[in-house]
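Q: Pasting in a structure now, in structure tokens, and then I'll have a few things to ask.
The values are calculated or read from the model by the stated rules, or taken from the named source; none is laboratory data. Given the structure is predicted, the values throughout are model-derived calculations rather than measurements. Neighbour counts are summed over all protein chains in view; Cβ atoms, including those assigned to glycine, are modelled from backbone coordinates with ideal geometry.
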Amino acid sequence: MTMRDDLPEIRGQYRFDAPLAKTTWFQVGGAADVLFKPADVADLAHFLKHKPADLPVTVLGVGSNLIIRDGGIAGVVIKLGRGFTQAMRQGEEIEAGAALLDVHLARFAADEGRAGLEFFAGIPGTVGGALAMNAGAYGRETKDCLTRAEAVMQDGTVVMLELDEMRYSYRHYGGPAGLIFTRAWFATTADDPAAIHARIADIQASREATQPVRERTGGSTFKNPHGHKAWQLVDAAGCRGLRIGDAQMSELHANFMINTGAATAADLEALGEEVRSRVKTHSGVLLEWEIKRIGRA
């Protein structure tokens, strides 16, 4: 028996030995043993209920704050697709699928004349990723507007979590483990669509001016330690522009790492660890990764 024989029948799609590098913004990393794209929530729940109990499962979003290591990912990688990109207005709330891009959430809300989600235009990821890490930008976080979220448990049970059950803190989700988020509802307020779109444009212009958004990057590399800004610590330690191979800390924003050419995942991770070491030596602060690193070395 092979893993292929053990997988449940699904309505979505399986791909075996599926390359993953192009699915991440850094464009590095190995293949997934299996890539599963569920058709919808029911298909995802069916897979989780009937898969082998010891089969490793990894959820992949748009790969905007992720390094997939060069050896790829064991087991099944789940990537939510078109069946999870819906957006609709429900009174004063906006409902959004977990695979919807954050910027598309912000623009949809603006089109509907609903304010409060503009900051999502400054987050390079999906709604599911924002839920999984309490993503934030420009003074607001996911927890400031989220009301509830739908998720599927590892046994295939579909559950609804209220905001207080998410146990959010800075860039951290502390709620029940092992969930795969599928939908979320956000509180909004009424405003003129043109005014909301103007604020979104200001956020995106600010990003363009201060971050290497057109490079192969992963967003903020390190979390801001309490009382500090990570980029200032990196800069003070002399790491702006530091390179290992084709992996480089950005000259434009010292807390952004970029793949300037043919960097490997190992190059990027080694660069991050070198920066952490130098910052610790210089300032006594041990930076914590904000970019997730997963898979086999």
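Every residue, every condition in (1) surrounded by 17 or more Cβ atoms within 10 Å (Cβ to Cβ); (2) touching a Gly at 6+ places or on another chain (Cβ under 8 Å); (3) outside the structural domain of residue 126 (by TED's automatic domain parsing); (4) more than 29 Å from residue 219 (Cα to Cα), yes or no:
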{"site": "11", "(1), (2), (3), (4)": "no, no, yes, yes"}
{"site": "20", "(1), (2), (3), (4)": "yes, yes, yes, no"}
{"site": "27", "(1), (2), (3), (4)": "no, no, yes, no"}
{"site": "32", "(1), (2), (3), (4)": "yes, yes, yes, no"}
{"site": "36", "(1), (2), (3), (4)": "yes, yes, yes, no"}
{"site": "53", "(1), (2), (3), (4)": "no, no, yes, yes"}
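Q: Can I ask one more? Answer with yes or no whether residue 78 is in a strand (DSSP E or B), within 16 Å of residue 218 (Cα to Cα) and either touching a residue at least 24 places away in the same chain (Cβ under 8 Å) or in contact with an Asp or Glu (Cβ under 8 Å, 6 or more places away or on another chain) (or both). Steps first, answer last, please.
A: Details: in a strand (DSSP E or B): yes; within 16 Å of residue 218 (Cα to Cα): no; either touching a residue at least 24 places away in the same chain (Cβ under 8 Å) or in contact with an Asp or Glu (Cβ under 8 Å, 6 or more places away or on another chain) (or both): yes.
It is false that residue 78 is in a strand (DSSP E or B), within 16 Å of residue 218 (Cα to Cα) and either touching a residue at least 24 places away in the same chain (Cβ under 8 Å) or in contact with an Asp or Glu (Cβ under 8 Å, 6 or more places away or on another chain) (or both).
Q: Of all residues in segment 1-30, how many are in a helix (DSSP H, G or I), over 16 Å from residue 296 (Cβ atoms) and touching a residue at least 40 places away in the same chain (Cβ under 8 Å)?
A: The total comes to 2.
Q: Having 2 or more residues that are modelled with pLDDT of 95 or more and within 25 Å of residue 209 (Cβ to Cβ) is the bar; report the strands (runs of 3 or more DSSP E) wholly within segment 234-297 that clear it.
A: The strands (runs of 3 or more DSSP E) meeting that bar are 247-249, 256-259.
Q: Whether any residue in segment 31-52 is free of Cβ contacts under 8 Å to residues at least 40 places away in the same chain and under 20 Å from the mean Cα position of the chain (by Cα) is what I want to check.
A: no
Q: May I pose another question? Residue 202 versus (1) under 30 Å from residue 106 (Cβ atoms); (2) at pLDDT below 95: which is the lone unmet condition?
A: (2)
Q: So, one more: Confirm whether residue 254 is surrounded by fewer than 21 Cβ atoms within 10 Å (Cβ to Cβ), touching an Asp or Glu at 6+ places or on another chain (Cβ under 6 Å) and at negative phi. Step through it out loud before you land on a result.
A: Working: surrounded by fewer than 21 Cβ atoms within 10 Å (Cβ to Cβ): no; touching an Asp or Glu at 6+ places or on another chain (Cβ under 6 Å): yes; at negative phi: yes.
Judged against the criteria, residue 254 is not a match.
Q: Filter segment 62-87 for residues that are closer than 20 Å to residue 10 by Cα, touching a Lys or Arg at 6+ places or on another chain (Cβ under 9 Å) and crowded, with 19+ Cβ neighbours inside 10 Å and give the result.
A: Of everything in segment 62-87, those that are closer than 20 Å to residue 10 by Cα, touching a Lys or Arg at 6+ places or on another chain (Cβ under 9 Å) and crowded, with 19+ Cβ neighbours inside 10 Å turn out to be 76, 78, 79, 80, 83, 84.
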